[in-house]
Amino acid sequence: MNILEGFSAKDNSVEFICTKCKYTLWIPRFIVMQLEEDNIFNGLNESVPPQPFCQKCDGIMTPVSYVDIRGVKYEYNK
């Protein structure tokens, strides 16, 4: 079992979905904020949400609905 699979919406987490296989995963907000800080440090545009790799396939996960630390809102359109 992956450690992240034990988190839920009740744990101040953000729901992510794989854009390829549609696997969903709740990731703790503090980890998502670290991914955001990495994006900022790497000079990525604000339009790029935190995007970890999917653990079930070779796809990219994206937040379903999330407001980042800069106030930018991301909504995944299925």
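Numbers at a glance
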| quantity | calculated |
| --- | --- |
| Unit charges on C-beta of K, R, D, E only; dipole of the chain, Debye | 280 debye |
| Placed amide H near residue 14: partners under 5 Å, 5+ positions off or other chain | 27, 29 |
| Sequence-separation-based contact order of the chain, relative, with Cα cut under 8 Å and 6+ spacing, percent | 28 percent |
| Unit charges at the beta carbon, dipole of the chain: most positive-side option, 18, 42, 67 | 18 |
| The range 13-65, accessible surface, carbon-and-sulfur percent (1.4 angstrom probe) | 56 percent |
| With Cα atoms, 0 to 90° folded angle of helix 29-41 axis to the chain main axis | 40 degrees |
| Long-range amide H partners of residue 54 with built H, under 5 Å | 59, 60, 61 |
| GNM flexibility winner over the chain from 64, 32, 14 (Cα, springs under 10 Å) | 64 |
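The values are calculated or read from the model by the stated rules, or taken from the named source; none is laboratory data. Because the structure is a prediction, the values reported are computed rather than measured. Reconstructed Cβ throughout: ideal geometry from the backbone, glycine too, with neighbour counts over all protein chains shown. With ligands, DNA and RNA removed, areas are computed over all heavy atoms of the protein, side chains included. Shrake-Rupley method; radii C 1.70, N 1.55, O 1.52, S 1.80 Å.
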